[in-house]
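Engineer: Please read through the structure below; I'll follow up with questions.
The values are calculated or read from the model by the stated rules, or taken from the named source; none is laboratory data. Here the structure is a predicted model, which is why all the values come from computation and not from measurement. With ligands, DNA and RNA removed, areas are computed over all heavy atoms of the protein, side chains included. Shrake-Rupley method; radii C 1.70, N 1.55, O 1.52, S 1.80 Å.
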Amino acid sequence: MASIGNFFRRSLRRSRRREGKEEASAAENNPSRVPQGKPRERTSILYSAGQFFFEYLVVVSLKKMSDGRYEPKITYQFPKRENLLKGQKEEEERLLQAIPLFCFPDGNNWAPVTEFTSETFSFVLTNVDGSRKIGYCRRLLPSGRGVRLPEVFCIISCLGCFGLFSKILDEVEKRRQISMAVIYPFMQGLRESPFPAPGKTVTIKSFIPESGTELIELTRPVDAHLEHVEFQALLQRLSPHLILHIFASAVLERRLIFLAEELSVLSQCIHAVAALLYPFTWAHTYIPVVPECLLDTVCCPTPFMVGIQMRHLEQVLDQPMEEALIVDLCEGKILRAVGDEEEILPIKLQNEMLTSLNRHNNNNNIQTSEQVNTLVSEAFVQFFVRIVGHYASHIKWSKNGSGTFQERAFYKAITSKNNRKFVKKFVKTNMFSLFIEEAEKSRIPQEAYFQQKITEYHEQKKHRRDS
């Protein structure tokens, strides 16, 4: 366990050294735009149709050690990959070493029980190249009599679609109550099926003893940019006013710590906060549930967004941290703040977002998860449309097809002083730099939904002028 912790700390230290060197280089070449982090490919989660649903399914069980404590170990892996190259084998070993730590992040002090409420949560592992893998977890008590220890079924995938994988884990849990042997053919059928396009369905045939062949339909939402999020989890625990303070801190890439006892609450809420940044992507340290042995992650001087179980609060507060926003998701309050969160966002746009979120809270009509996601997302997407929606007009294209962002002209086009003041800070963030780097590569917009909203906004403005 200690060796895995050291591996993650070394990775963080390497990342910090890289960031420092690259920031210095960026400052020399372009003093007006210094990204606050490692310039690299955008680290958003992939959604491409036709890929494998998952890379691995593993079962992590608790094994009793000689000192009486329990240590999580992988006891089942599907598929077993063979004939790997040396680099691939080393990467797989690192991945399989890390998974147990994140499946049981709440330490080694366990005891056999007769009852246990199953819980669903997720974690994210970031590779050296910035790409991310998601671990979708279902922690449950295996069927049987007498006292037992919980185990975790974990699906590793580079695809972000939490609703879809939650349904897959429901099927896995149903089969686990019958026999482990029934899980294999279901997962094999899933692995042989292509990941569907947005709005499309894939059907998996699966045989269950005494029930016969079942047809399981897995459908992706039409709006793919919201399929990895559940905003309701955030709205149930925090007021709209506090959500805007958190958003303001995240958009300037500060350090954010979220506290809750339930792993599902931590992972859902942190994924929701990261999703508020669309069409931009959080590209710094991102750990929805921090394992106990990695709590000193909060000492990291670079930006991070992490979730920590409430039982570790005193230990976290004792760490020599730099300024950070600490959010208590149990009580719905901010425990520690920088102090300027109210002043970060332009006041007019902040009030419009607040009105929109309050309107949702005051709506007594029963709303589906998809409706809530759309309403909340719309408020934050409109903020970015109003603030930076003119970015494409300020990319100068050369004859060879490469683009160059004209930052000065971009500023001057903003008529509101408050908006311009915010944008001058925002363009120095890593997320904006990565977004512009991608935009400079092609005239075809990288985020079709965002571009659609920009077009709609300009059409509405033109209609108001003409009427």
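Engineer: Could you name the aspartates and glutamates in cross-link range of K399, using Cα to Cα under 17 Å and dropping any fewer than eight places away on the same chain?
Structural biologist: Partners within reach: E440.
Engineer: Summing -39500 (n - 2.57) over the DSSP H runs of n ≥ 4 in the chain and dividing by its residue number, what mean residue ellipticity at 222 nm do you reach, to the nearest 500 deg cm²/dmol?
Structural biologist: -12500 deg cm²/dmol
Engineer: Helix 162-176 versus the longest principal axis of the chain: what is the Cα-based angle in degrees, 0 to 90, to the nearest 10?
Structural biologist: Between helix and principal axis, roughly 0 degrees.
Engineer: For segment 350-451, what is Rg from Cα atoms divided by 2.2 N^0.38 Å, rounded to two decimals?
Structural biologist: Working it through for segment 350-451, the quotient is 1.30.
Engineer: Now for a separate question. Share of the chain's accessible area from carbon and sulfur, percent, 1.4 Å?
Structural biologist: Exposed carbon and sulfur together represent 49 percent of the surface.
Engineer: For each pair in K133/K417; K396/K425; K205/K453, compute the distance between the two Cα atoms and list the pairs where it is over 30 Å.
Structural biologist: Going by Cα-Cα distance, K133/K417; K205/K453 fall outside the 30 Å limit.
Engineer: Rank these by accessible area, largest first, 1.4 Å probe: F432, F162.
Structural biologist: F162, F432
Engineer: Under 5 Å between amide hydrogens, which residues at least 5 positions from K200 or on another chain qualify, with H placed 1.01 Å from N in the peptide plane?
Structural biologist: R220
Engineer: For the chain, what relative contact order do you get, as a whole percent, if you take Cα pairs closer than 8 Å and at least 6 residues apart?
Structural biologist: 15
Engineer: If you don't mind, there's one more thing I want to ask. Going from the alpha-carbon gyration tensor of the chain, what semi-axes, largest first and in whole Å, does one get by taking the root of 5 times each eigenvalue?
Structural biologist: For the chain, the ellipsoid semi-axes come out as 38, 26, 23 Å.
Engineer: Shape call for segment 101-145 from the C-alpha gyration tensor, a ≥ b ≥ c root eigenvalues: rounded (a/c under 1.5), prolate (a/b greater than b/c) or oblate?
Structural biologist: Since a/c reaches 1.5 and a/b is larger than b/c, the shape of segment 101-145 is classed as prolate.
Engineer: Check E214: other-chain or 5+ apart residues with amide H under 5 Å from its amide H, H built from backbone geometry?
Structural biologist: Residues meeting the amide H criterion: S206, F207, I208.
Engineer: For segment 62-174, what are the per-bin percents of Cα-Cα distances with bins 5 Å wide, up to the bin holding the maximum?
Structural biologist: 2, 10, 19, 22, 20, 14, 9, 4, 1, 0
Engineer: Quick check on the chain: of the DSSP beta bridges with both residues there, what percent are antiparallel, nearest 5%?
Structural biologist: Rounded to the nearest five, the antiparallel share is 75 percent.
Engineer: Counting only heavy atoms of protein chains, what accessible area per residue, in Å², does the chain have with a probe of 1.4 Å?
Structural biologist: 47
Engineer: I've got another one for you. Would segment 181-297 count as rounded, prolate or oblate if I go by the C-alpha gyration tensor, calling it rounded below 1.5 in a/c and otherwise prolate when a/b exceeds b/c, oblate otherwise?
Structural biologist: Verdict is prolate for segment 181-297.
Engineer: Another question, if that's okay. Could you give the angle, 0 to 90 degrees to the nearest 10, between helix 448-466's Cα long axis and the longest principal axis of the Cα atoms of the chain?
Structural biologist: 30
Engineer: Right, next: In the full protein assembly as shown, how much of T213 is accessible to a 1.4 Å probe, in Å² to the nearest 10?
Structural biologist: 90
Engineer: Let me ask something additional. Could you work out how far helix 263-275 tilts from the main Cα principal axis of the chain, as a 0 to 90 degree angle to the nearest 10?
Structural biologist: Here the helix axis deviates by roughly 20 degrees.
Engineer: Between segment 401-467 and segment 272-287, how many Å separate their Cα centres?
Structural biologist: 19
Engineer: Please report the accessible area of V124 (heavy atoms, 1.4 Å probe, ligands and nucleic acids excluded) in Å², nearest 10.
Structural biologist: 10
Engineer: Name the long-range amide H neighbours of E230: under 5 Å, sequence gap of 5 or more, or other chain; modelled H, no Pro or chain starts.
Structural biologist: A272
Engineer: Now for a different question. Longer than 31 Å from Cα to Cα, which of K63/K89; K412/K462; K63/K200; K428/K461 are they? Say none if no pair is.
Structural biologist: Over 31 Å apart, Cα to Cα: K63/K200.
Engineer: Please state the relative contact order of segment 233-341 as a whole percent: Cα pairs under 8 Å, 6+ residues apart?
Structural biologist: 36
Engineer: Next question. Could you tell me, in Å, what Rg and Dmax come out for the Cα atoms of segment 298-342?
Structural biologist: Reported Rg and Dmax, both Å: 10.7, 29.
Engineer: What number, in percent, do you get for the relative contact order of segment 217-284 if the mean sequence gap of Cα pairs under 8 Å and at least 6 apart is divided by its residue count?
Structural biologist: Across segment 217-284, relative contact order equals 40 percent.
Engineer: Return the sequence-ordered ³J(HN,Hα) values of segment 179-191 in whole Hz as given by the Karplus equation 6.51 cos²θ - 1.76 cosθ + 1.60 applied to θ = phi - 60°, using x for Gly and Pro.
Structural biologist: 5, 4, 5, 7, 6, 4, x, 5, 5, 5, x, 5, 5
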